[in-house]
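To start, the structure under review is shown below, and the notes come after it.
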Amino acid sequence: MSDLRDPAPYDALLLLSFGGPEGPDDVVPFLVNVTRGRGIPEERLREVGKHYFLFGGVSPINGQNRALLDALRKDFAEHGLDLPVYWGNRNWAPYLTDTLREMTRAGHRRVAVLATSAYASYSGCRQYRENLAESLAVLEAEGLPVPRVDKLRHYFNHPGFVEPMVEGVLASLAELPADKRAGAHLAFTTHSIPTAAADTSGPVRAHGDGGAYVAEHLDVARLIVAAVAERTGVTYPWKLVYQSRSGAPHVPWLEPDICDHLESLHGEGVPAVVMAPIGFVSDHMEVLYDLDTEATAKAAELGLTVRRSATVGADPRFAAAVRDLVLERAATEQGLGRERCALGSLGPSHDLCPVGCCPARVVKPAAAGADSPYA
């Protein structure tokens with residue numbers, strides 16, 4: 001009988017992320033990668049990149065991925081999980097194709113993939129799978145062996161992802177002035193996406209408006225509110241709000257925006273707000289600029305006290321959750337039963353994205369799904 005700590009058939013883990021510039025000279029080339037095919041002129045990209053230039057042209061995401069890599073390797077070693085961990089990005093070095101080429105040349109043939117996006121959506125799941133398929137096609141064209149890649153399930157409701165966010169909210173509440181804490185509101189934030197993309201996110205259409213993307217965030221928000229109430233005795237008013245909108249103004253996106261929400265709360269006489277970025281794994285540029293800079297400045301203009309709670313980042317509990325997800329999937333591939341940890345009402349997500357899940361804007365091959373050409 002196989003050991004439930006055995007990662008077989010997997011011989012490596014790939015941390016797959018978005019990537020970001022690491023200096024001023026990187027910003028425009030990075031944005032060219034992100035917007036490739038859209039014909040956006042360089043002058044416009046420089047305007048878009050002003051957020052990065054405010055921080056020396058450096059996105060924190062790569063540094064945070066290095067910290068997560070260290071945490072994963074440490075956790076795996078401490079628990080006897082003999083599984084090398086690699087890192088590849090969609091839009092900046094280390095590039096996904098280069099990393100997969102390196103892994104293939106090292107002899108890896110069955111790769112578990114952790115994407116740094118916890119929720120269902122085209123941009124948070126299917127697009128990563130399309131990038132995997134594109135990179136595998138390159139390897140195939142080069143005559144290299146093509147490994148099988150299996151993307152680990154969405155982990156938005158895994159205890160190792162939720163619990164650090166609960167503690168982050170509790171810490172932020174504790175930082176509020178005592179005379180404002182009791183009347184505080186919680187604003188759970190995530191990346192806004194077009195409503196059309198939200199409505200078709202996930203395989204189940206029964207979620208209603210916003211699809212699985214909104215339903216999953218709402219479930220996490222409720223979990224955090226309940227845990228905070230249990231530990232403080234206070235059920236704080238809350239709302240799921242959005243940030244980081246981009247795109248044409250006439251296209252409907254998920255609302256309300258965090259700054260608009262802060263203005264509404266101020267108008268209602270709310271004394272303080274904790275902004276909890278539950279849609280983000282780590283403190284990357286959207287968190288640093290849209291919350292720590294823009295929303296915080298808006299709150300100061302209003303005279304509204306705000307705190308921003310921590311993201312999960314490289315928390316050891318998240319590293320342990322990744323180990324659990326790897327072993328859970330390995331057990332399934334071995335035909336063994338293993339508990340699938342999930343909190344809330346939605347249960348554990350699917351292993352294989354079904355056909356039609358989070359449909360693409362333009363139909364492209366996507367790896368690691370029921371319709372994958374590389375399964």
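Where a number appears in this text, it was derived from the coordinates with a stated rule and is not lab data. Everything numeric here is computed off the predicted structure, so don't read it as measured data. Backbone-built Cβ (ideal geometry, glycine too); neighbour counts: all protein chains shown.
For Val113, the amide hydrogen comes within under 5 Å of the amide hydrogens of Leu14, Asp150, Lys151, Leu152, counting only partners 5 or more places away or on other chains and with H modelled in the peptide plane. Fewest-first ordering of Met165, Met285 by other beta carbons within 10 Å of each residue's beta carbon gives Met285, Met165. Ranked by the mean number of other Cβ atoms within 10 Å per residue, highest first, peptides 311-320, 73-82, 39-48 order as 311-320, 73-82, 39-48. Overall, the stretch 101-170 carries a charge dipole of about 260 debye about its Cα centre when +1 sits on the Cβ of Lys and Arg and -1 on the Cβ of Asp and Glu, all other atoms neutral. Sequentially through the stretch 344-360, phi angles give Karplus couplings (6.51, -1.76, 1.60; θ = phi - 60°) of x, 9, 8, x, x, 6, 6, 7, 9, 5, x, 4, x, 6, 6, x, 6 Hz, Gly and Pro residues having no value and appearing as x. Between the residues Cys259, Gly233, Ser201, the greatest Cα displacement towards the positive end of the dipole of the stretch 159-308, with unit charges on the Cβ of Lys, Arg, Asp and Glu, is found for Gly233. Computed about its Cα centre, the charge dipole of the stretch 305-375 is approximately 380 debye, with only Lys, Arg, Asp and Glu carrying charge at their Cβ. Net charge dipole, the chain: roughly 480 debye, given to the nearest 20, about the Cα centre with Cβ charges of +1 for Lys and Arg and -1 for Asp and Glu. Cβ crowding within 10 Å ranks Val241, Val146 as Val146, Val241, fewest other Cβ atoms first. DSSP beta bridges confined to the stretch 159-308 are antiparallel in about 5 percent of cases. Can you tell me how the stretch 43-190 classifies by the Cα gyration tensor, rounded, prolate or oblate, using a/c under 1.5 as the rounded cut? Judged from the Cα gyration tensor, the stretch 43-190 comes out prolate (a/c at least 1.5, a/b above b/c). Two tests apply to each whole DSSP H helix in the chain, Cα reach of 27 Å or more along its axis and mean Kyte-Doolittle hydropathy of at least 0.5, and the ones passing both are 211-232.
For the stretch 326-375, what class follows from the C-alpha gyration tensor (a ≥ b ≥ c being the square roots of its eigenvalues): rounded when a/c is under 1.5, otherwise prolate if a/b is larger than b/c, else oblate? Judged from the Cα gyration tensor, the stretch 326-375 comes out oblate (a/c at least 1.5, b/c at or above a/b).
The fewest-to-most ranking of Thr116, Thr235 by surrounding Cβ atoms within 10 Å reads Thr235, Thr116.
Distance distribution note for the chain: the fraction of Cα pairs above 30 angstrom is 39%. Cα gyration tensor of the stretch 159-308, axes a ≥ b ≥ c as square roots of the eigenvalues: rounded (a/c below 1.5), prolate (a/b > b/c) or oblate? Taking the square roots of the gyration eigenvalues as a ≥ b ≥ c, the stretch 159-308 is oblate. Rg and Dmax over the alpha-carbon atoms of the stretch 134-173 stand at 19.1, 56 Å. Remark on Thr189: its backbone amide H falls under 5 Å from those of Val241, Ala276, Ile278, Gly279, a criterion applied only to residues 5 or more positions apart or on other chains, H modelled at 1.01 Å from N. The calculated 222 nm mean residue ellipticity attributable to helices in the chain amounts to -12000 deg cm²/dmol, summing -39500 (n - 2.57) over DSSP H runs of n ≥ 4 and dividing by all residues. Close amide H contacts of Tyr374 (hydrogens built in the peptide plane, cut-off under 5 Å, sequence separation of 5 or more or a different chain): Ala368. Under 12 Å from the Cβ of Glu175, count the other residues' Cβ atoms, weight Lys and Arg +1, Asp and Glu -1, and hand me the total. That works out to +4.
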